[in-house]
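*Asks:* So that we are looking at the same thing, I have put the structure below in structure tokens.
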Amino acid sequence: GTGAEILRDNTNIHVLNKRGHDNGVSIEYAKNLTGFELEEDYTDLITRIIPFASYTDNETNEEILVEANAVDSDYISNYSHPYISYMDFADKFEDKEIPTTSKLIELAKKYFKENKCDKPKQNFKIEFVPLSKCVGYEGIQDNISLWDTVTIKDTRFNIDTKAKVIKTVFNVLKNKVFKSSFGSAPY
């Protein structure tokens, strides 16, 4: 939940803020991209939040539910239908604070920004030729290893994103990486 990443070797375990580096390596269609496969996971996707919170009235000792209007993500029009979630924000209010619809709407917008739940999880399986092996790019350093961040661009599918290297297939006979998988590691 903190975003920490674990690095293990044969003797030590390290907890790091971030594994790998972003060396500015780019894999692009019509340059060095030779194979492309995209998997999208929509299971945790939310594009519309209906925020609510409940509190107990001190005078009547009744539990009162406050529900705000639906809050839509900026990306809701990217999908054929909304992915709706009712969300309880009662824990975001102080003990004696009465929930308001305006604060509930603000909390739902903040939830979209912080959790990026309005975009599907993407994993890429990519085959590519390192730019340093291409004519005209011989002087470029584009070594990548596990957990490094790489920019992936494919104009055919309107993809321009950064992803982490989560798997590589290395050909020992040719002494080069044959395939790489990018995205988020399955846990």
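The values are calculated or read from the model by the stated rules, or taken from the named source; none is laboratory data. None of these values were measured; they are calculated from a predicted model. Glycine also receives a Cβ, built like all others from the backbone with ideal geometry; neighbour counts cover every protein chain displayed. Just the protein is used for accessible areas: all its heavy atoms, side chains included, with ligands, DNA and RNA removed. Shrake-Rupley method; radii C 1.70, N 1.55, O 1.52, S 1.80 Å.
*Asks:* Whether any residue in region 95-114 is without any contact (Cβ under 8 Å) to a residue 60 or more places away in the chain and of a type in the set (Phe, Trp, Tyr) is what I want to check.
*Replies:* no
*Asks:* With the condition kept exactly as written, say whether any residue in region 24-36 is touching a residue at least 40 places away in the same chain (Cβ under 8 Å), of a type in the set (S, T, N, Q) and part of a loop (DSSP other than H, G, I, E, B).
*Replies:* yes
*Asks:* Oh, and also: Here are 111, 86: which of them is assigned to a strand (DSSP E or B), touching a strand residue (DSSP E or B) at 6+ places or on another chain (Cβ under 8 Å), open to solvent by 40 Å² or more (accessible area, probe 1.4 Å) and within 30 Å of residue 58 (Cα to Cα)?
*Replies:* Selected residue: 86, the only one of 111, 86 that is assigned to a strand (DSSP E or B), touching a strand residue (DSSP E or B) at 6+ places or on another chain (Cβ under 8 Å), open to solvent by 40 Å² or more (accessible area, probe 1.4 Å) and within 30 Å of residue 58 (Cα to Cα).
*Asks:* Between residues in region 166-185 that are among the hydroxyl-bearing types (Ser, Thr, Tyr) and residues that are open to solvent by 80 Å² or more (accessible area, probe 1.4 Å) and modelled with pLDDT under 80, which pairs lie under 9 Å by C-beta distance while being six or more apart or on different chains?
*Replies:* Within 9 Å, the pairs are 168/178; 168/179.
*Asks:* Check 59, 97 and return the single one that is open to solvent by less than 80 Å² (accessible area, probe 1.4 Å), outside any strand (DSSP E or B), of a type in the set (Asp, Glu) and more than 25 Å from residue 18 (Cα to Cα).
*Replies:* 97
*Asks:* Return yes when residue 117 is in contact with a Lys or Arg (Cβ under 8 Å, 6 or more places away or on another chain) and of a type outside the set (D, E, K, R) and no when it is not.
*Replies:* No.
*Asks:* Within region 1-55, restricting attention to residues that are open to solvent by 80 Å² or more (accessible area, probe 1.4 Å) and hydroxyl-bearing (Ser, Thr, Tyr), which residue is farthest from residue 132 (Cα to Cα)?
*Replies:* Among them, the one singled out is 43.
*Asks:* Among 125, 103, which is surrounded by 16 or more Cβ atoms within 10 Å (Cβ to Cβ) and in a helix (DSSP H, G or I)?
*Replies:* 103
*Asks:* Still on this structure, I have one more. Scan region 152-175 for residues that are open to solvent by 100 Å² or more (accessible area, probe 1.4 Å) and outside any loop (DSSP other than H, G, I, E, B) and jot them down.
*Replies:* The answer is 160, 162, 167, 170.
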